[in-house]
Every structure is written in structure tokens, then in C-alpha cells.
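All remarks here apply to the structure that follows.
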Amino acid sequence: MPPVDLRSDTVTQPTPAMREAMAAAPLGDDVLEGDPTVRELEAKVAALLGKDEALFVPSGTMANLLALRSQTQPGDEMICDHECHIVYYETGGYAAVAGLSVRYTRGERGLFTADDFEPLVRMWDDPHFPTPRLVAIENTHNRGGGIPWPVDQLAQVADRAHKRGLGVHIDGARLWNACPAVGCEPSEYATHADTVSVCFSKGLGCPVGSALVGDAPTIKRARHLRKMLGGSMRQAGGLAAAAIYALDHHRDRMTEDHARAQKLCDLIAGAPGISVDRERVQTNMVYFSVDESLGTAADFCERVKGDVLMLDEGPQSVRAVVHLHIDDEAIERAGAAICRGTSADC
Ligand SMILES: Cc1ncc(COP(=O)(O)O)c(C=O)c1O
């Protein structure tokens, strides 16, 4: 039996029904007259998030980069959490392509408050400083543990940012997980931001694709930049059809992933040498620490990889992510394998 793959929610394969939807999609050249299925997806996503327009792009990384580049000038400054995906995992595009410098918040598990970030906004009129231009918020916060932002807290940060003349971008790669976790609609978050990126290739289970939403002038700039960066796709309707299918059929099942993440915690919580910070498990991610008696996190992942695949995310920190292909039986198997990895039979 292949190992249970909990490395990421990006490992999913399209389901048979999703493949049928992809095969049946009407197509066109999205750089010339436009692809009808891409247009349908863009309209659907814009409506879901309550924004003027959406732009379909190949990846979450590109959606974030276009958000930064279309709202800032090289030399401007962005304020964000020190472990946010944009800075930690996106190959320095914020600096190399958008030309931004950053100031970091160091809040709780990736979340920060209006009072945390406001002192980081430098004075606009001092010639020593770059111009503060954008606040980036990650929701759910990946390295924080898949933490969803309370809507009020996000609204306060955004409100303070706007009052100080800064724009607000939400990296909502897993906004679909955040919404059911806090009990809100995507538009209730998006209304506070100028741009939001969302991914279809994570919890929703699509093979490829993300979108950036915002007002019409910003998305027009982003569309132009997408072409410059080589992200304009031609007959992309098959990929858009997967995303339409996933929004219609997979969005409501995020809570199943969240429940299975809790189940995994239950299964491994008693294993010797393993500690799970339950407060940190709020959506589809389970971060747990391994005691040095079990070796490093990398050693532990290596030891159990015949039965369960996970990623080491720090010297003693392991990440397991629940997704579309993980059913109850897979969770039981993963939990048992992790326990066996500690030599316990729990
Ligand atoms: C929070 C967050 N933002 C952005 C991305 C980037 O998405 P992609 O891998 O599609 O570039 C990821 C990827 O895992 C992510 O976790």
C-alpha cells in the first residue's frame, strides 16, 4: 500500500468528475479574444469575493507577485509577518521583481494586530526611508499552523493600514479553509483588502491555478504584468473548468479536512516524544514537535516515510496536511504509523 501522503494539500490529483469537467470545457485563446471558461471562472471568483474583477494565473506565487507589483513601485516598503509565505517561500520575488523592502511583524502564529504593525509604518516625509505602501496578510497562515484570521482582527489591521495610506493584500491561498473555520463568507474578508489571491490547487484539489481579485484598474495592471512575466495562458479553459468544478463541489468539504486534522491530533497526542499544540490546529494542518530523543524532525520523517509522508518544517517540527484524498482510513493509518515511529503502539 502506498504511504499516506500528508506533505501538502497540493499533492492531489483531479478526480474523475473534475477530469470530465476539464475535458468538456469550451476553449479559446485567452490572450487574443479570451477563453470563455476562464472568463466564467474569473466572473465567479470576483463575485464570490465581492470585487470588480479577477485574474486567472498559474500559481499562488504569481498571484501574490502581481498583487505586490501592481500596487507598489520598486523601492517601496511592505509590512508583513516574518514567516509569511511571500517572503519565506517565494524565492525573493518581492525583492527581485517588485523591488520591495520589508519590515516584519512578529505576532502570534503569523497573526498580528493593528497596534503591532502601526509602529512599523515609517514617516512618509523623511528622505531616509522607503515609502511604506502595502500590508500583506496571510490567511490561513501556513507556517503559523494553518491559522485563520478572526474577521474583526483583520478588519482592524486593514482599517489602520488604509488610514495610514497603505494598501492591503491578503494572501488567501487557503482562504477557503479560513472561511468555514471562523464561520464567514470569502467576501467578508475580501471587503477589507485591496487585493486577495486565492488558490485552487490546494484544499480545493485542482491540478493548477490561482486568481487575484481587486478593483478594475488594479487588475488591469496585473493583467499587463502577467503577460510580462510569462503567465498569460492560451487555451487555459480546461484548468479553469477544474477550478469552477472545485468551487461548486469541493468548497463545502473543507470542514471534513479540518475534522480529520483534529482526529490525527487525537491519534498521536499520547505518543511518547511527540507534542501537539492543539490550539495551533484550527484548519487542515497539523504541526507537531518531536523530542530530541526521536532525532530531528527530518530523521523522524525519514523513519516513517514508508507509511506516511510528511515534511520537516524546522529542526524539531513536522507538518502534516489533510486534503481531498485523505479519508478516515488514511488518517487512522497515518496516526498509527506516526505512533510506531516513536516505538509506541497507540
Ligand atoms: C500561504 C501560501 N501562499 C502562497 C502559496 C504559493 O502557491 P503556489 O505553490 O501555487 O505558487 C502557497 C503554497 O503553498 C501558500 O501556502
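So the values come out like this:
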quantity	calculated
Test: residue 52 is more than 16 Å from the ligand (Cβ to nearest atom) and touching an Asp or Glu at 6+ places or on another chain (Cβ under 8 Å)	yes
Residue pairs meeting the criteria (Cβ under 7 Å; at least 6 apart or on separate chains; first farther than 22 Å from residue 131 by Cα, in region 87-99; second within 11 Å of the ligand (Cβ to nearest atom) and of a type in the set (Ser, Thr, Tyr))	90/61
Residues of region 205-214 satisfying the condition of being within 11 Å of the ligand (Cβ to nearest atom) and among the β-branched types (Val, Ile, Thr)	208
Sole residue being buried (at least 18 other Cβ atoms within 10 Å of the Cβ), of a type in the set (A, V, I, L, M, F, W, C), in contact (Cβ under 8 Å) with a residue 12 or more places away in the chain and not assigned by TED's automatic domain parsing to the domain that holds residue 145, chosen from 311, 324	324
Region 147-204 - residue that is acidic (Asp, Glu) and away from the ligand (no atom under 16 Å from the Cβ) and, of those, farthest from residue 19 (Cα to Cα)	159
Residue match in region 114-122 (condition: within 25 Å of residue 286 (Cα to Cα) and surrounded by 15 or more Cβ atoms within 10 Å (Cβ to Cβ))	no
Single condition residue 143 does not satisfy, out of (1) in a loop (DSSP other than H, G, I, E, B); (2) away from the ligand (no atom under 12 Å from the Cβ); (3) basic (Lys, Arg)	(2)
Sole exception among (1) touching a residue at least 24 places away in the same chain (Cβ under 8 Å); (2) open to solvent by 40 Å² or more (accessible area, probe 1.4 Å) for residue 231, by number	(2)
Exclusive hit being within 18 Å of the chain's Cα centre (by Cα) and more than 16 Å from the ligand (Cβ to nearest atom), set 108, 83, 77	108
Some residue of region 257-268 being open to solvent by less than 40 Å² (accessible area, probe 1.4 Å) and without any contact (Cβ under 8 Å) to a residue 40 or more places away in the chain	yes
Of the criteria (1) in contact (Cβ under 8 Å) with a residue 40 or more places away in the chain; (2) within 30 Å of residue 114 (Cβ to Cβ), which one residue 217 fails	(1)
Residues of region 90-99 satisfying the condition of being within 16 Å of the ligand (Cβ to nearest atom) and either open to solvent by less than 30 Å² (accessible area, probe 1.4 Å) or touching a helix residue (DSSP H, G or I) at 6+ places or on another chain (Cβ under 7 Å) (or both)	90, 92, 93, 94, 97, 98
Tally of residues being out of contact with any Gly (no Cβ under 9 Å at 6 or more places or on another chain) and assigned to a loop (DSSP other than H, G, I, E, B) across region 297-315	6
Residue in region 75-87 that is at positive phi, open to solvent by less than 40 Å² (accessible area, probe 1.4 Å) and modelled with pLDDT of 95 or more present	no
Residues within region 180-216 that are surrounded by 23 or more Cβ atoms within 10 Å (Cβ to Cβ) and farther than 25 Å from residue 241 by Cβ, tallied	3
Residue, nearest to residue 227 (Cα to Cα), within region 1-25, restricted to residues that are open to solvent by 80 Å² or more (accessible area, probe 1.4 Å) and not in a helix (DSSP H, G or I)	13
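Matching residues to (1) farther than 18 Å from residue 145 by Cα; (2) open to solvent by less than 20 Å² (accessible area, probe 1.4 Å):
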{"residue": "241", "(1), (2)": "yes, yes"}
{"residue": "276", "(1), (2)": "no, no"}
{"residue": "286", "(1), (2)": "no, yes"}
{"residue": "305", "(1), (2)": "yes, no"}
{"residue": "316", "(1), (2)": "no, no"}
{"residue": "336", "(1), (2)": "yes, no"}
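The values are calculated or read from the model by the stated rules, or taken from the named source; none is laboratory data. All figures in this text were calculated on a predicted structure; none of them were measured in a lab. Here Cβ is always computed from backbone atoms with ideal geometry, including for glycine, and neighbour counts include all displayed protein chains. Accessible surface areas use protein heavy atoms only, side chains included; no ligands, DNA or RNA. Shrake-Rupley method; radii C 1.70, N 1.55, O 1.52, S 1.80 Å.
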